[in-house]
Amino acid sequence: MVVRDLRRNTTRALTSRQRGPGGGAASGLISPDNNQVAYSWHYENTAPWELWIVPLAGGSSRVLLRGEEAGAIQPFAWSPDSKDLLAARAFPGPRRQLIWVSAASGSVRVLESVEWFPVGASVSPDGRYVAYARPQGIFLVAADGGKETEAVRNPSGSQASALGGVYPIWSSDGSQILFLSTRTGEPALWAIRVDAGKPVGEPELI
């Protein structure tokens, strides 16, 4: 895992571990306070994935969470206070979870049990809501759990997740969720307005 300094035009390594056959670092996320970087690490297809954290200024990495058997772990977003990580993990078989992981202790709190590994997830700027993508579309759920709300529906109702929307990202003011969709035949950027964790109106092509 490396970091690129856009002002100084320099690149430096954050980790010293070398990529192995079929494995390596992925999904690097800088914390909102600019102090830490979270990333996933996988060795090969038969080994469990791991969730790691490393100081942005450099230093020793530490493992937060290890997966089950060959199950994947992917961090999606930090909480606004940089204390927790929103991530997904897969278990052998069909079991999948959207989870919160403590950056201090590695303790896990399950937010949602889902049938598909989310194709992107993000946290609202105020930390109150989570948006995540699955084949049926984009869904919203309170960050502390509860009943989910459908924000964007897959127009075909099929398992082609990109039709409904993938990689949801909140706008900086929390008023919209932007996402990628192929509902018009080609990949395009769309947005849905939200208010208090509920969708407002229909998706608009950006």
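Each reported figure results from applying straightforward, stated rules to the coordinates on display, with no laboratory input. Because the structure is a prediction, the values reported are computed rather than measured. Glycine also receives a Cβ, built like all others from the backbone with ideal geometry; neighbour counts cover every protein chain displayed.
In vacuo Debye scattering of the chain, one point per C-alpha: log10 I(q)/I(0) at q = 0.14, 0.19 Å⁻¹?
These q points yield log10 I(q)/I(0) values of -0.87, -1.36.
Which value, in nm² and rounded to one decimal, describes the direction-averaged projected area of the C-alpha convex hull of the range 141-195?
Projected area, direction-averaged: 4.4 nm².
List the chymotrypsin sites (Phe, Trp or Tyr not before Pro) within the range 51-132 that DSSP assigns to loop and that have no more than 15 neighbouring Cβ atoms inside 10 Å. Spell out each step's value before the answer.
Details: sites: TRP52, PHE76, TRP78, TRP100, TRP116, TYR129, TYR132; in loops: TRP116.
Filter output for the range 51-132: TRP116.
Give me the orientation-averaged projected area of the Cα convex hull of the range 99-139, in nm², one decimal. All intermediate terms of the calculation are to be shown ahead of the outcome.
On the way: hull surface 13.7 nm².
Mean projected area of the Cα convex hull: 3.4 nm².
Based on a Kirkwood Rh over C-alpha pairs, give the Stokes-Einstein translational diffusion coefficient of the range 80-152 at 10 °C and viscosity 1.306 mPa s in µm²/s. Write down the numbers at each step before the final one.
Numbers: Rh = 12.6 Å.
Answer from the Stokes-Einstein relation: 126 µm²/s.
What order do you get for 30-43, 183-196 when each peptide is scored by the mean count of other beta carbon atoms within 10 Å, highest first?
Values: 30-43: 18.1, 183-196: 13.9.
The packing order, highest mean first, is 30-43, 183-196.
Tell me the Kirkwood radius of the range 64-103: reciprocal of the mean inverse pair distance over distinct alpha-carbon atoms, in Å.
On the way: mean 1/r = 0.0948 Å⁻¹.
Every distinct Cα pair counted, the radius reaches 10.5 Å.
Can you give the helix-only mean residue ellipticity at 222 nm for the chain, where every DSSP H stretch with n ≥ 4 adds -39500 (n - 2.57) and the sum goes over all residues, rounded to the nearest 500 deg cm²/dmol? Present the calculation step by step, with values, prior to reporting the outcome.
Values: 1 runs with 4 residues, N = 206.
Result for the chain: -500 deg cm²/dmol, rounded to the nearest 500.
What trypsin sites (Lys or Arg not before Pro) does the range 58-158 have in DSSP loop regions with at most 10 other beta carbons within 10 Å?
Details: sites: ARG62, ARG66, LYS83, ARG89, ARG95, ARG96, ARG109, ARG128, LYS147, ARG153; in loops: LYS83, ARG95, ARG128, LYS147.
Listed in order of number, the matching sites are LYS147.
At what distance in nm do the modelled label points of GLU204 and ASN35 sit from each other, each positioned 7 Å from its Cα along Cα→Cβ?
Taking the two extended label points, one gets 3.8 nm.
Compute the relative contact order of the range 1-152 as a whole-number percentage, counting only Cα pairs closer than 8 Å that sit 6 or more residues apart in sequence.
12
Gaussian network model of the chain, Cα springs within a sub-10 Å range: biggest mean-square fluctuation belongs to which of SER102, SER175, SER16?
Most flexible of the set in this elastic network: SER16.
Once you have the Cα-Cα distance between ALA196 and ASP126, take 0.36 nm times their residue separation minus that, and quote the gain in nm to one decimal.
24.1 nm
Extending each Cα 7 Å along its Cβ direction at ARG7 and SER172, get the distance between those two points in nm, one decimal.
1.6
Working from the pairwise distances between different alpha carbons, so that the mean of 1/r is found and then inverted, what is the range 35-142's Kirkwood radius in Å? The partial results should precede the final answer.
Numbers: mean 1/r = 0.0705 Å⁻¹.
It works out to 14.2 Å.
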